[in-house]
Amino acid sequence: MLLRIFKTCDRSGINFQIRSQLSTRSAPQFPVKSPNTSLFQSFSKTVFQRGNEKGKLIQCSWLTRSTGLLSTGLFGFIGSLPISALCEAQHKSKGRLTGLRNTNTDKSKFDWAKFWCMLKPDVWTLVAAIAAALVVAIINIKIPLILGGLVNIISKIPSESGKTFSEQILRPGLHLVSYFVAQSFFTFVYISLLSGIGERVAFEMKSQLFSSLMSQDLSFFDEERTGELMNRLTTDVQNFKSAFKHCVSQGLRSGTQIIGCAGALISVSPHMTGMIMVLVPSVIIFGTYIGSLLRKLSNRASAQVGRISTIAEEALSNIRTVRAFGMEDKECELLKEEARKAQELNEQLGWGIGLFQAGTNLFLNGMVLTTLCMGGYLMSVNEMTAGDVMSFLVAAQTVQRSLAQVSLLYGEVLKGLGAGASVFEYINRKPKIPLTGGKLIPYHSLQPHIKFEDVTFAYPTRPDQQILKKFNLTIPAGSTVAIVGSSGNGKSTVAALLARMYEADSGRVSLGGHDLSELDPTWLRSRVIGFINQEPVLFATSIKENIRYSKPSATDEEVFAVAKLAQADEFIRSFPEGYDTVVGEKGVTVSGGQKQRIAIARALLKNPSILILDEATSALDAQSEKTVQKALEIAAKGRTVLVIAHRLSTVKNADQIVVLQKGVIVEMGTHEELQKKKGYYWSLVQHQELMNRQVG
């Protein structure tokens with residue numbers, strides 16, 4: 001319990017108001033900032049403590065007299081003691097943000113080797129693009145020298161000699177025009193080539209990232225948020241692609257122009273070039289320092305944008321839950337808060353990039369001013385011609401533009417490397433359970449005999465809480481075994497381990513004498529096991545395609561047959577578009593019972609050897625439950641069936657009923673045998689019958 005104490009002060013004393021607020025987290029011991037620490041801390045522990053939860057004293061004031069709610073007892077006779085004005089938990093609950101990536105601890109690194117593997121197929125295209133960019137850079141280096149020569153010609157021609165002017169200006173003018181045309185052509189070449197390379201690299205990154213995500217085991221998705229993963233697939237890949245294209249094209253061209261024009265500057269006037277280059281080291285040092293700060297800030301900003309995507313994705317995908325609890329305003333405030341943090345980080349990044357560019361521009365503009373002043377002086381002493389000054393000025397401006405472009409690209413590089421590092425982090429992640437690889441048992445020789453031997457398991461997100469403890473169970477081929485018990489005792493965990501959604505921490509799970517860890521997981525799930533869980537998810541497509549999802553090659557007749565078996569055919573045909581009815585995202589346009597029966601049909605379509613029914617009839621009404629239960633009994637013939645159930649009426653006909661309590665089997669037998677024992681199962685049946693009578 002958190003205590004908030006608010007005060008109103010006047011000369012006569014203090015009035016207190018105490019308000020309590022629930023909290024799910026305990027706060028640590030609180031420090032007290034006063035000379036009389038021990039006495040007040042003792043009082044605080046006595047008055048403010050509720051169970052193991054304590055407050056944190058964060059504001060104190062000195063009093064000589066106290067009155068009001070706490071004026072009696074200890075406060076009645078203690079003078080000159082610090083009184084808490086606000087007491088609350090040191091660590092506030094993060095609520096729905098718990099588990100989001102910390103923007104301050106993101107240490108993912110860019111994988112240059114993996115990037116090279118993606119770039120390798122286009123290496124010759126990249127070489128051609130680089131060559132074209134170099135040609136453009138060389139042309140840009142030559143243009144200032146040609147312009148200088150042209151200015152010298154113009155300055156030496158008498159104004160009255162128009163014919164001589166035309167004759168002398170024609171050749172260098174055409175020379176300059178040819179350079180302009182070549183510059184435009186090669187600019188088109190390298191930009192178009194780099195654009196194609198960037199798109200193909202982005203395609204490869206997105207494909208590999210999605211493939212890596214799809215191959216991860218369920219423990220990965222227990223820990224990661226969908227919004228963050230979507231941000232990697234979209235925003236980060238786009239940022240990297242944009243940075244790659246800009247940095248290679250503009251960066252290469254600008255770098256070449258800086259080096260080439262620097263050489264041209266030296267050839268025109270070593271003295272002027274020397275004076276300008278004295279300032280270059282200071283700019284490099286300044287840029288390196290600012291860059292190291294901006295790189296860290298860019299990573300934090302990128303991670304914060306991912307948090308926003310996560311919040312938005314969760315709110316929109318769970319809009320019915322949000323609407324049911326009237327939490328629209330809270331979700332908006334939550335997103336605004338995170339968006340404000342992203343805004344602040346990006347503003348800081350903008351300030352940093354702006355500072356870097358401003359400093360660079362100051363240097364570059366100073367360089368132009370120095371060129372004009374020194375050039376004018378050298379012309380006055382006949383050490384330079386007007387053409388030389390023009391060549392030097394244009395070359396200097398080319399260097400200026402190139403350096404300015406580099407300063408702008410610096411932010412792009414930081415963004416691109418940060419985004420690429422986030423993508424490669426997930427691409428390089430290896431799943432604990434490989435998606436493919438292992439034995440494939442021929443269908444006709446598969447014996448669906450299941451055995452759990454001393455299996456112990458805890459979910460990766462809760463490693464200290466064991467769900468199953470030395471669990472042993474044998475399910476003979478062709479039999480139906482039901483697992484019952486109250487919630488949280490490991491029933492669904494048994495089904496998840498059988499489908500190899502998770503690996504057991506210790507022990508062995510075998511199928512037909514083969515260890516599950518030796519079998520191909522994809523083959524196991526797609527061919528051997530039919531899984532119907534308590535919350536089936538349908539895709540936003542037609543009912544027919546949802547049923548066909550488990551067996552894409554199935555004919556329409558096969559789809560209709562399993563729909564009839566699942567008692568779904570009648571209600572499907574009642575829709576105006578029948579089997580072509582689109583069910584909406586996650587199947588929102590059909591009822592829970594209808595959704596469950598479509599899921600049952602989907603599982604039966606692939607004719608699995610093992611059928612797992614995890615609360616498969618929980619969403620059905622009594623009449624539909626009886627109908628579907630009968631259909632499932634028919635479908636179960638010749639199959640090994642594992643039933644997870646809360647409704648004990650659905651497991652009466654099971655060959656064996658296993659009762660789980662706290663991850664341990666406490667009873668096992670048929671319905672009649674367990675009823676005669678009058679143990680835990682009997683008490684569950686009695687309790688459920690009582691609840692049914694009360695509801696009825």
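The values are calculated or read from the model by the stated rules, or taken from the named source; none is laboratory data. Keep in mind that what you see is a predicted model, and the values were worked out from it rather than measured. Counting neighbours? That spans all protein chains shown, and the Cβs are built from the backbone with ideal geometry, glycine included.
A single entry from Ala395, Ala419 fulfils the requirement of being touching a Leu at 6+ places or on another chain (Cβ under 8 Å), part of a helix (DSSP H, G or I) and among the small types (Gly, Ala, Ser): Ala395. Across region 435-456, the qualifying residues are those that are in a loop (DSSP other than H, G, I, E, B) and within 39 Å of the chain's Cα centre (by Cα), and the one among them that is surrounded by the fewest Cβ atoms within 10 Å (Cβ to Cβ) is Thr436. When you look at Gln343, is it free of Cβ contacts under 8 Å to residues at least 24 places away in the same chain, surrounded by 13 or more Cβ atoms within 10 Å (Cβ to Cβ), assigned by TED's automatic domain parsing to the domain that holds Met277 and farther than 22 Å from Ile154 by Cβ, yes or no? In short, yes. Go through the residues of region 565-575 one by one and say whether even a single one is in a helix (DSSP H, G or I), free of Cβ contacts under 8 Å to residues at least 24 places away in the same chain and exposed (fewer than 15 other Cβ atoms within 10 Å of the Cβ). Yes, that holds for at least one residue. Condition check for Pro431 on (1) assigned to a helix (DSSP H, G or I); (2) crowded, with 16+ Cβ neighbours inside 10 Å: one failure, at (1).
Within region 664-678, residues that are loosely packed, with under 15 Cβ neighbours inside 10 Å reach no partner that is among the hydrophobic types (A, V, I, L, M, F, W, C) and not in a strand (DSSP E or B) with beta carbons closer than 7 Å at six or more positions or on different chains.
Taking region 463-521 as the region of interest, none of the strands (runs of 3 or more DSSP E) fully inside it holds 3 or more residues being of a type in the set (Ser, Thr, Tyr) and surrounded by fewer than 20 Cβ atoms within 10 Å (Cβ to Cβ).
The listed residues are Ser402, Ser391, and the only one of them that is in contact with a Pro (Cβ under 7 Å, 6 or more places away or on another chain) and more than 22 Å from Met230 (Cα to Cα) turns out to be Ser391. Write out, first by first residue and then by second, each pair whose Cβ atoms fall under 6 Å of each other, whose residues are 6+ apart or on separate chains, and whose first residue, in region 437-456, is farther than 26 Å from Ile665 by Cβ while the second is surrounded by fewer than 16 Cβ atoms within 10 Å (Cβ to Cβ) and charged (D, E, K, R). Between residues of region 437-456 that are farther than 26 Å from Ile665 by Cβ and residues that are surrounded by fewer than 16 Cβ atoms within 10 Å (Cβ to Cβ) and charged (D, E, K, R), the close pairs are Gly438/Glu518; Lys439/Glu518. Answer with yes or no whether Phe560 is assigned to a helix (DSSP H, G or I) and farther than 21 Å from Gln623 by Cα. Yes.
Listed here are the residues, each with its yes/no results for (1) touching a strand residue (DSSP E or B) at 6+ places or on another chain (Cβ under 6 Å); (2) at pLDDT below 90.
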{"residue": "His514", "(1), (2)": "no, no"}
{"residue": "Thr522", "(1), (2)": "no, yes"}
{"residue": "Arg527", "(1), (2)": "no, yes"}
{"residue": "Asn533", "(1), (2)": "yes, yes"}
{"residue": "Phe539", "(1), (2)": "no, yes"}
{"residue": "Ser542", "(1), (2)": "yes, no"}
{"residue": "Ile547", "(1), (2)": "no, no"}
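On the given criteria, is Tyr426 touching a Lys or Arg at 6+ places or on another chain (Cβ under 7 Å) and either farther than 30 Å from Met214 by Cβ or part of a helix (DSSP H, G or I) (or both)? Here the answer is yes, as Tyr426 does meet what is asked. Among the residues of region 306-326, is there at least one that is out of contact with any Gly (no Cβ under 8 Å at 6 or more places or on another chain), free of Cβ contacts under 8 Å to residues at least 24 places away in the same chain, charged (D, E, K, R) and surrounded by 12 or more Cβ atoms within 10 Å (Cβ to Cβ)? Among the residues of region 306-326, not one is out of contact with any Gly (no Cβ under 8 Å at 6 or more places or on another chain), free of Cβ contacts under 8 Å to residues at least 24 places away in the same chain, charged (D, E, K, R) and surrounded by 12 or more Cβ atoms within 10 Å (Cβ to Cβ), which makes the answer no.
Looking across region 522-557, the residues that are among the hydroxyl-bearing types (Ser, Thr, Tyr) and outside any helix (DSSP H, G or I) come down to Thr541, Ser542, Tyr549, Ser550, Ser553, Thr555.
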